[in-house]
Amino acid sequence: MSEARPARFSLSSRILGTIFALVGLMYGVALAVLGVPLVERVQAQLQLNAERELSALRTAIQDQVLLRDYPAIEQTIRSRVERFHLLEARYATQKLLIEAHTPPRVHDYPAWFDSLIDSRVARAQAEIEIGGLSYGTLSVALDPAQAMRELWLMGLRFTLLALGSLVMTMVLMRWVLNVSLRGLYELRQAARAIEAGNFAARARLVSGSPPEVRETKLAFNHMADHVDSLVAALEHEHSELMVEKERLRITIESIGDAVLVTDAQGRIEFLNPKAEELTGFASEQARGKRVSEVMSLIVERTGEAIANPLETALSRDAVVELDTHTLLRRHDGSTLAISDTASPIRSADGRIQGGVLVFKDESERRHLLQRLAWQAERDHLTGLWNRRAMENKLAAALYSAQHAPRHFVFCYIDLDRFKLVNDTCGHRAGDALLQRLTVIMARRIEGENHYLARLGGDEFGLLFVDVALPEALNHVQALRDEIGRFRFEWEDKVFRLGVSFGVTELHAGHTNVGEILAQADTACYHAKSLGGNAIQVYEKTHPALQKINDEMQWIAVVTRAFEAHRFVLFRQEKIALKKGAGGQHYEVLIRMRGEDGAIISPGEFLPAAERYGLAPSFDRWVVRNVFAYLDTHPEDTACYALNLSGRSLSDASTADFILEEISRYHFDPARISFEVTETAAIDNLDTCERLILTLNSRGILFALDDFGRGQSSFGYLKRLPVASLKIDGDFVRGLDADREKLAIVKAMHTLAHELGKLTIAEQVETEAELICLKAMGVDFVQGYLLSRPGPFPA
Amino acid sequence: METTLKSFIFVWALFASALSHAAAPYAFGVLNQRSLQATASYWNPILSYVSARSGVPLELHIGRTANETTDRIVAGKLDFAFTNHLFTPKRAALGWRVLARQDSRGIRGQIVVREDSPARSLQDLAGKTVAFPNPYAFVGYYVPYDALLRAGVKVVPLFAGNQEAAMGQLMAGQVAAAGVNHQLMADFALRNGLKYRVLSESEPYFDLAVMASPRVSQADSEKVRQAFAGMADDPEGRRVLDAAARTIG
């Protein structure tokens, strides 16, 4: 704010000057108003005096004129001229002239006054006529000097009076002003004291001060009080602001984000240490530069320059966030992945005061994201696409096939005998095998527009893009041959692998990815069932595939029944052949009730359920319902064995689920046992072992079901902490007549007992079989001969 | 006064014009009965008229006092005179002849006092100061003083200079009584609102007359006389007379 130029003259000077001017003006006006008429009156008076003098002289000489006493007339004229100091008096007839003069008086007033007044000699003249007869002419001239002198003296007195009045007025006004302005001077002193920082300074209230000054002082003091409190508040806020500012400074300097602050024109004012580190510019070095000079931004992929977001934010008056994939070109030329947010800084009234750009080093995060993105789509072991990625690509391919005449072929690949490697050489060997095999397959299809994915375990998926089925089959054939030639060596063992291919071509009739996968899987399943190392193209009309398809039809039926609660629990008793086994023992079975209410045996729907991943749901349903039954039927003290599918065994959360369910009820967990098939247990050996150990700790025992049907490795038997072996029914049926079966069952039984495990013979249907088993010493028998499956009591 | 002038007979009027010539004007003396100014104011218009009518130039000459005027007449300094001071035997020898006289019933001498004066008779004036116009005034001094002498009353005379001056003294209370021309006194009292009482009054005498010096030719005298005498009948003369009369009230 520009300071107003102070007036040249003080208030006193102005007032005194004004009074001086007013008095002077009044003096002038008075001179004009009074003086001019006075001068005119004086001159009129002078003229009148001349007339009077003339009249007097006329009177004086009138008789003498009548008497024609001319000496007397002359004497009278002379006498009068001298006596009254007439400049001139003259009496003239036709025959004589009598006159007398006196010199003008020497005047003592200044000549300019005479010039100013323009004094004139007053003259009067008259004819002496008596009775109509003229006796001559008489004239007089009066000296104006005396009148002018009197006028001068009067003017002089008036001027002196005016001057005296002026001086008196000025002195009086000066005194009044001094007294009156003293309060203002005190106010000024107080104001300067406040200006100097003494906010306690106040204007002193003096008795006798003019009320205006007193009111002004009171107002000033009130204002000073207010200012004092404001200053105190400001200082308090200032100190708080300083603390806040210091806190902010420390915060800004210590935060991990880089902060760049500019003025409203986009010129840099400040860089925090992190910004200095990232840009390579020191804050002092960057100050005053435009942001684009310090922060050169480019697109990560194209290298194109990007408009600086802060300048954009300032021009748009809006927050601008930079797109991802932005690189900062540092002062030394190196680049850095960053993300940033640019915002204008507004004052309280909304005006832009500057801008702030917050950015951070995104290199690690972006690398991590890329890694995560890679991991989300890749198989960590082989580096191939994973199942989810393949499903996405299949979805995209299906969409393309449905909307464009393009060819896509999907191939389901399942390694044969891979489990043998795992079983004999361990998982490390299996992993190494997969990696090496992956390299071979990837190399085989390298450069092609194909996608190879590991769908899980030893299953792979291969998607051919824009490739017709015959060409795809050629590729598959070549791949199979390549894998067939491959020999995997691990330590001193050499393995030869076979591979089964299920091939299906995508077409517009496919409804979803699951259908494609199912078709390929079906074809592969069939190829595998043919002995492996085969290629099977999915054909809807192929009988074997039709059967598999039928299984798949069951999926929908089972799902609907499950949702409609049409599953029921059955139980089949296991009879203890030895005394002392304690109580009754049942195996829990599941049955499905058809839509017509008929009971459907599990042999019809369970294979499909297990194959298509529904078995865990059945398992959990059974667990919940059996546990609820046990809790609500305390009169039933029997022990129940529940079946667990291979999928449940492979699910690490199964143990937690069972324990949580147990914790919800109050029956003795030892009344519960689980049966797992030998095949399922071996396929999920590790998780199965952990599950058994976990539940054993709560008193829950396990039985190895269908023992003898699978590989029945003694190693497994040793490793799995099962309490009993359930001898597969194939060995039990007809053992009384089949010596081999009898021998095998005996061996199994003996082995189990040697290992401290109980034996259970299932599917006992004849007395002869029962007798043999009793003779053998089997612990439990189960079969239609002894007890048919039946529903749980209500 | 106006009526008295009607009686002027100007026996010389017809000669005036015939005898007139460019010679110096005749000095026409007027006995001081009033102040010089009043006298001049009264007589100048008349003399101008007469001069014009008669062809005889006349110029008014007055002495400072009646005595002085009479002295001038007696000394032969004047050619015409309006006076009654020449009817003494001594002055009659001077040869002055009367040309005309005012047509009046004569004038009377009176001794008058103010109306508020305690004097009721001449005896009451004994020892008092009495004002008179001048020692030569016939009806103003000779006749009243004769009356006082006859009454055996001695007064202190005070000569005021002319008739109206003596009346002025009386009016101002400066004197106890005044000797006056009854006609002039009546005019003065009327003009000034003065109320007075007459203690003594004489028998009537001839009024003042216009007289000519013996050195004035008969012709001129006649012209002058005729002019005076015909003045009342001449409209112009009448106007002049009226104007002259207004100057003295």
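If the requirement is being within 20 Å of A:Ala472 (Cα to Cα), open to solvent by 10 Å² or more (accessible area, probe 1.4 Å) and assigned by TED's automatic domain parsing to the domain that holds A:Tyr525, which of these qualifies: A:Ala432, A:Ala404?
Criteria check complete, one pass: A:Ala404.
Hey, can you tell me all the residues within the range A:597-655 that are over 14 Å from A:Leu569 (Cα atoms) and of a type in the set (Phe, Trp, Tyr)?
If the condition is that a residue be over 14 Å from A:Leu569 (Cα atoms) and of a type in the set (Phe, Trp, Tyr), then A:Phe605, A:Tyr612 are the ones that fit.
Test each condition in (1) under 24 Å from the mean Cα position of the chain (by Cα); (2) outside any helix (DSSP H, G or I); (3) surrounded by fewer than 16 Cβ atoms within 10 Å (Cβ to Cβ) for A:Arg249 and report the one that comes out false.
Exception for A:Arg249: condition (2).
When B:Phe159 is evaluated against the numbered criteria (1) crowded, with 22+ Cβ neighbours inside 10 Å; (2) without any contact (Cβ under 8 Å) to a residue 40 or more places away in the chain, which criterion, by number, is the only one it fails?
(1)
Conditions: (1) over 26 Å from A:Arg485 (Cα atoms); (2) not in a helix (DSSP H, G or I). A:Arg388 meets all but one. Number of the miss?
Failed condition: (2).
Would you check if B:Gln169 is more than 14 Å from every other protein chain (Cβ to nearest Cβ), closer than 20 Å to B:Phe80 by Cα and polar (S, T, N, Q)?
Taking the combined requirement at face value, the residue does not satisfy it.
If you go through the range B:204-247 one residue at a time, how many are of a type in the set (A, V, I, L, M, F, W, C), within 14 Å of another protein chain (Cβ to nearest Cβ) and crowded, with 18+ Cβ neighbours inside 10 Å?
Of the residues in the range B:204-247, 3 are of a type in the set (A, V, I, L, M, F, W, C), within 14 Å of another protein chain (Cβ to nearest Cβ) and crowded, with 18+ Cβ neighbours inside 10 Å.
Suppose we filter the range A:508-526 for residues that are open to solvent by 40 Å² or more (accessible area, probe 1.4 Å) and not β-branched (Val, Ile, Thr); how many remain?
Residues meeting the conditions: 6.
Please give the number of the condition A:Ala638 fails out of (1) within 23 Å of A:Ala576 (Cβ to Cβ); (2) open to solvent by less than 10 Å² (accessible area, probe 1.4 Å); (3) in contact with a Leu (Cβ under 8 Å, 6 or more places away or on another chain).
For A:Ala638, the exception is condition (3).
Any residue in the range B:57-71 that is within 10 Å of chain A (Cβ to nearest Cβ) and within 26 Å of B:Asp220 (Cα to Cα) sitting within a Cβ distance under 7 Å of a residue that is open to solvent by 10 Å² or more (accessible area, probe 1.4 Å) and of a type in the set (Phe, Trp, Tyr)? List the pairs, counting only those 6 or more apart or interchain.
If the second residue must be open to solvent by 10 Å² or more (accessible area, probe 1.4 Å) and of a type in the set (Phe, Trp, Tyr), the pairs left are B:Glu59/B:Tyr26; B:Leu60/B:Trp43.
Taking the range A:707-722 only, how many residues are open to solvent by less than 30 Å² (accessible area, probe 1.4 Å) and at pLDDT 85 or above?
The number of residues fulfilling the criteria is 1.
Please pick out the residue among A:Val29, A:Val65 that is within 14 Å of another protein chain (Cβ to nearest Cβ) and either at pLDDT 85 or above or open to solvent by 80 Å² or more (accessible area, probe 1.4 Å) (or both).
Result: A:Val65 is the single residue among A:Val29, A:Val65 that is within 14 Å of another protein chain (Cβ to nearest Cβ) and either at pLDDT 85 or above or open to solvent by 80 Å² or more (accessible area, probe 1.4 Å) (or both).
Let me confirm something: among A:Arg571, A:Arg611, which residue is farther than 30 Å from A:Ala775 by Cβ and assigned by TED's automatic domain parsing to the domain that holds A:Met776?
Within the list A:Arg571, A:Arg611, the selection yields A:Arg611.
Select from the range A:338-351 the residues that are modelled with pLDDT under 85 and open to solvent by less than 40 Å² (accessible area, probe 1.4 Å) and write down the one among them that is nearest to A:Ser292 (Cα to Cα).
Filtering first and then ranking leaves A:Asp340.
What number goes with the only condition from (1) closer than 27 Å to B:Gly63 by Cβ; (2) free of Cβ contacts under 8 Å to residues at least 60 places away in the same chain that A:Leu66 does not pass?
Every condition holds for A:Leu66 apart from (2).
Please pick out the residue among B:Leu86, B:Leu78 that is among the aliphatic types (A, V, I, L, M), more than 14 Å from chain A (Cβ to nearest Cβ) and in contact with a strand residue (DSSP E or B) (Cβ under 8 Å, 6 or more places away or on another chain).
Of the residues listed, the single one that is among the aliphatic types (A, V, I, L, M), more than 14 Å from chain A (Cβ to nearest Cβ) and in contact with a strand residue (DSSP E or B) (Cβ under 8 Å, 6 or more places away or on another chain) is B:Leu86.
Which ones in the range A:436-452 are in contact (Cβ under 8 Å) with a residue 40 or more places away in the chain and open to solvent by less than 80 Å² (accessible area, probe 1.4 Å)?
Of everything in the range A:436-452, those that are in contact (Cβ under 8 Å) with a residue 40 or more places away in the chain and open to solvent by less than 80 Å² (accessible area, probe 1.4 Å) turn out to be A:Leu437, A:Thr438, A:Ile440, A:Met441, A:Ala442, A:Tyr451, A:Leu452.
Provide a single number: the residues in the range A:107-131 that are within 14 Å of chain B (Cβ to nearest Cβ) and open to solvent by less than 60 Å² (accessible area, probe 1.4 Å).
The number of residues fulfilling the criteria is 3.
Might you let me know whether the range A:274-284 holds any residue that is touching a residue at least 60 places away in the same chain (Cβ under 8 Å) and aromatic (Phe, Trp, Tyr)?
Among the residues of the range A:274-284, not one is touching a residue at least 60 places away in the same chain (Cβ under 8 Å) and aromatic (Phe, Trp, Tyr), which makes the answer no.
Answer with yes or no whether A:Met748 is in contact with a strand residue (DSSP E or B) (Cβ under 6 Å, 6 or more places away or on another chain), farther than 19 Å from A:Asn643 by Cα and among the aliphatic types (A, V, I, L, M).
For A:Met748, the condition - in contact with a strand residue (DSSP E or B) (Cβ under 6 Å, 6 or more places away or on another chain), farther than 19 Å from A:Asn643 by Cα and among the aliphatic types (A, V, I, L, M) - is met.
Residues of the range B:35-57 being closer than 19 Å to B:Thr70 by Cβ, open to solvent by 20 Å² or more (accessible area, probe 1.4 Å) and either touching a Leu at 6+ places or on another chain (Cβ under 8 Å) or of a type in the set (A, V, I, L, M, F, W, C) (or both), which ones?
Once the filter is applied, which keeps residues that are closer than 19 Å to B:Thr70 by Cβ, open to solvent by 20 Å² or more (accessible area, probe 1.4 Å) and either touching a Leu at 6+ places or on another chain (Cβ under 8 Å) or of a type in the set (A, V, I, L, M, F, W, C) (or both), the range B:35-57 yields only B:Ala38.
Being in contact with a helix residue (DSSP H, G or I) (Cβ under 8 Å, 6 or more places away or on another chain) and of a type in the set (Asp, Glu) is the filter here; which residues of the range A:317-366 pass it?
A:Glu321, A:Asp340, A:Asp361
Looking for something surrounded by 15 or more Cβ atoms within 10 Å (Cβ to Cβ) and under 22 Å from B:Gly63 (Cβ atoms) - is there at least one such residue anywhere in the range B:110-130?
no
Of all residues in the range A:461-507, which are in a strand (DSSP E or B), without any contact (Cβ under 8 Å) to a residue 60 or more places away in the chain and exposed (fewer than 13 other Cβ atoms within 10 Å of the Cβ)?
If the condition is that a residue be in a strand (DSSP E or B), without any contact (Cβ under 8 Å) to a residue 60 or more places away in the chain and exposed (fewer than 13 other Cβ atoms within 10 Å of the Cβ), then A:Arg487, A:Glu489, A:Val494 are the ones that fit.
Any idea which of B:Asn181, B:Asn162 is touching a helix residue (DSSP H, G or I) at 6+ places or on another chain (Cβ under 8 Å), away from every other protein chain (no Cβ under 14 Å), polar (S, T, N, Q) and over 16 Å from B:Ala100 (Cα atoms)?
Going through B:Asn181, B:Asn162 in turn, the sole match is B:Asn181.
Filter the range A:208-230 down to the residues that are among the hydroxyl-bearing types (Ser, Thr, Tyr) and either in contact (Cβ under 8 Å) with a residue 40 or more places away in the chain or open to solvent by 40 Å² or more (accessible area, probe 1.4 Å) (or both) and list them by number.
The answer is A:Thr216, A:Ser229.
The values are calculated or read from the model by the stated rules, or taken from the named source; none is laboratory data. Note that this is a predicted model, so its numbers are computed, not measured. Methodologically, a virtual Cβ is constructed for each residue, glycine included, from the backbone with ideal geometry; neighbour enumeration extends over all protein chains shown. For accessibility, only protein heavy atoms count, side chains too; no ligands or nucleic acids. Shrake-Rupley method; radii C 1.70, N 1.55, O 1.52, S 1.80 Å.
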